[in-house]
Structure formats: C-alpha cells, structure tokens
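A.B. asks: Can you keep this structure in mind? I'll have questions shortly.
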Amino acid sequence: MKKNNKKINNKEKRKLTLKAIVYITLRILTIICMARQFQMGNVMNSVLCVGVLIMFSIPTFMEDKLNIEFPDLLEITVWIFIFSAEILGEINEFYLHIENWDLILHTVNGFIMAGIG
C-alpha cells in the first residue's frame, strides 16, 4: 500500500513541478518585459505588464476564495493565453507580425471556455 502512495506522491510532485516551472517562467519573462518597456520609456506597456502579473494570480485567487479546484492543465493554458495575448500580442506586436495571431488566440480561448464550462 505504501508503494502506491509513493507513486501518487511522485505524480503529484511532477505536476506541481511543471505547474510551478510554467508559472515562474511566465512571471520572470513578464518582469523582464516590464523592465525593458520601462527602460525604453513605454510606461503604458509597463503598466500592462503589471496587469498581466495580477491576471496570473486570478486562477489561484478563485481556487482559494470559491473553493474550486481547477485542473493544472487548465491553469497552465490560461496563463499561456494571457501571456500570448498581452505580452506577445500587444507588447511584442505579434498581432502585426503574425498574420493569424488573433485567429489562433480566439480558437484557443474557445477551448479554454469549454474547459471551464
């Protein structure tokens, strides 16, 4: 019986590790982008980066306040969507440089909403 618990704990640790790696990586990239935008004098983009950092905390806040357990994959997908839309799309102008960026994000958003539903 203890071996089964040990396997479950290892799976939980791997999930937590993946979730933590994605979360920390996206936050670090956003902070770097914020510092770069501030250095370049783009204050509005710096403020947008602060908003992104706040939006990254929303799933965790909802889990704590509403006692809802989101699947790790859903949380990771939401974080990547936020990063893709705001940091890549707006600040790094992927909307202008990649022809179907808006279409890609709208499609992914549909899947996210279906997952939440």
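No lab work stands behind these numbers, since they all come straight from the coordinates. Remember, it's a predicted structure, so these values are computed and weren't measured experimentally. Please note: Cβ atoms are built from the backbone with ideal geometry, for glycine as well, and neighbour counts cover all protein chains shown.
A.B. asks: Dipole magnitude of the chain about its Cα centre, charges +1 at Lys/Arg Cβ and -1 at Asp/Glu Cβ only, in debye to the nearest 20?
C.D. replies: For this selection, approximately 1060 debye.
A.B. asks: Sticking with this one: To the nearest 10 degrees, how steep is helix 72-82 against the longest Cα principal axis of the chain, on a 0 to 90 scale?
C.D. replies: Approximately 0 degrees, to the nearest ten.
A.B. asks: I would also like to ask the following. On C-alpha positions alone, give me the angle between the axis of helix 101-116 and the longest principal axis of the chain, in degrees, nearest 10.
C.D. replies: The two axes meet at around 30 degrees.
A.B. asks: Something else: Which value does Rg/Rh take for segment 31-108 over its C-alpha atoms, Rh per Kirkwood?
C.D. replies: Result: Rg/Rh = 1.04.
A.B. asks: Compute the acute angle (0 to 90°) between the alpha-carbon long axis of helix 2-39 and the principal axis of greatest extent of the alpha-carbon atoms of the chain; round to the nearest 10°.
C.D. replies: On a 0 to 90 degree scale, this one is about 10.
A.B. asks: Points 7 angstrom from Cα along the Cβ direction at Ile112 and Met44: gap in nanometres?
C.D. replies: 2.2
A.B. asks: So, counting K/R as plus one and D/E as minus one, what does the shell of residues with Cβ under 14 Å around Met62 add up to?
C.D. replies: For residues surrounding Met62, the net value is -3.
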